[in-house]
Amino acid sequence: MIPIYVILGVVAFVLFWGIGMYNSLIRTRQHVKESWSAIDTELKRRYNLIPNLLETVKGYATHESETLEAVVQARNNAVASTGSPGQQAQDENMLVGALRQLFAVVEAYPDLKANENFLHMQRELTVTEDRIQAARRFYNANVRTLNTKVEVFPSNMIASMFAITQDEFFEVEDAAVREVPKVSFTD
């Protein structure tokens, strides 16, 4: 009789362990989804700020239509992006590049740089970029946790049984961060 109780105890232990591991994977996957929602919210905030910024710039930089159109096109592509985080990151890279071009153009217009509306929009955009970065770090941390659980033994057995797969990181290429700083000691 004792061997039957031992076998039942082991089976119960394995069953409860499997349920606990499954629930842990599902909780982690939900954290990933929640953190992606935070990124999506901040991206929408940025998308809503850009038209106001462009309207302010249009009044000063009327002959810079190519740059303005590039920003509008990049924004529209980013708004329409509904693919994977990798696809979203690619569209965001295009938008960030277009915004950089816009701010480079703004340098040629001192009156615009001093305009209160423009300064306000620029501050709002900076705050939004900071919030996007924080949300991206939170999302990527949750993805790392899920991906680790999906890969390591023994949780990988439960993950494969229930088709729980790894998620993709949201990595926006920031050329300024990856660029080697130029140092010159001559004029």
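The values are calculated or read from the model by the stated rules, or taken from the named source; none is laboratory data. Computed from a prediction, not measured in an experiment: that's the story for all the values here. Backbone-built Cβ (ideal geometry, glycine too); neighbour counts: all protein chains shown.
A few notes on this one:
One line per residue, one yes/no per condition, for (1) touching a helix residue (DSSP H, G or I) at 6+ places or on another chain (Cβ under 6 Å); (2) more than 19 Å from Val106 (Cβ to Cβ); (3) surrounded by 11 or more Cβ atoms within 10 Å (Cβ to Cβ):
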| residue | (1), (2), (3) |
| --- | --- |
| Val6 | no, yes, no |
| Leu15 | no, yes, no |
| Met21 | yes, yes, yes |
| Gln30 | no, yes, yes |
| Asn48 | no, yes, yes |
| Val57 | no, no, yes |
| Thr67 | yes, no, yes |
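- Selection of first residues in region 1-20 that are farther than 16 Å from Phe162 by Cα and of second residues that are at pLDDT 95 or above and surrounded by 10 or more Cβ atoms within 10 Å (Cβ to Cβ), restricted to Cβ pairs under 9 Å at least 6 apart or on distinct chains, gives an empty result.
- Qualifying residue in region 114-134 (condition: surrounded by fewer than 16 Cβ atoms within 10 Å (Cβ to Cβ), within 15 Å of the chain's Cα centre (by Cα), modelled with pLDDT under 85 and part of a helix (DSSP H, G or I)): no
- Of all residues making up region 92-113, the number that are at pLDDT 85 or above and of a type in the set (Asp, Glu): 1
- Qualifying residue in region 79-101 (condition: farther than 30 Å from Val143 by Cα and free of Cβ contacts under 8 Å to residues at least 40 places away in the same chain): yes
- Check on Thr82, outside any helix (DSSP H, G or I), within 20 Å of the chain's Cα centre (by Cα) and of a type in the set (Val, Ile, Thr): yes
- Contact annotation: residue pairs with Cβ atoms under 8 Å, 6 or more positions apart or on different chains, pairing a residue in region 137-160 that is over 18 Å from Pro85 (Cβ atoms) and in contact (Cβ under 8 Å) with a residue 24 or more places away in the chain with a partner that is surrounded by 16 or more Cβ atoms within 10 Å (Cβ to Cβ) and among the aromatic types (Phe, Trp, Tyr), are Ile158/Tyr22.
- Glu179 meets all of the listed conditions (1) modelled with pLDDT of 90 or more; (2) farther than 16 Å from Glu92 by Cβ; (3) under 21 Å from the mean Cα position of the chain (by Cα) but one, namely (1).
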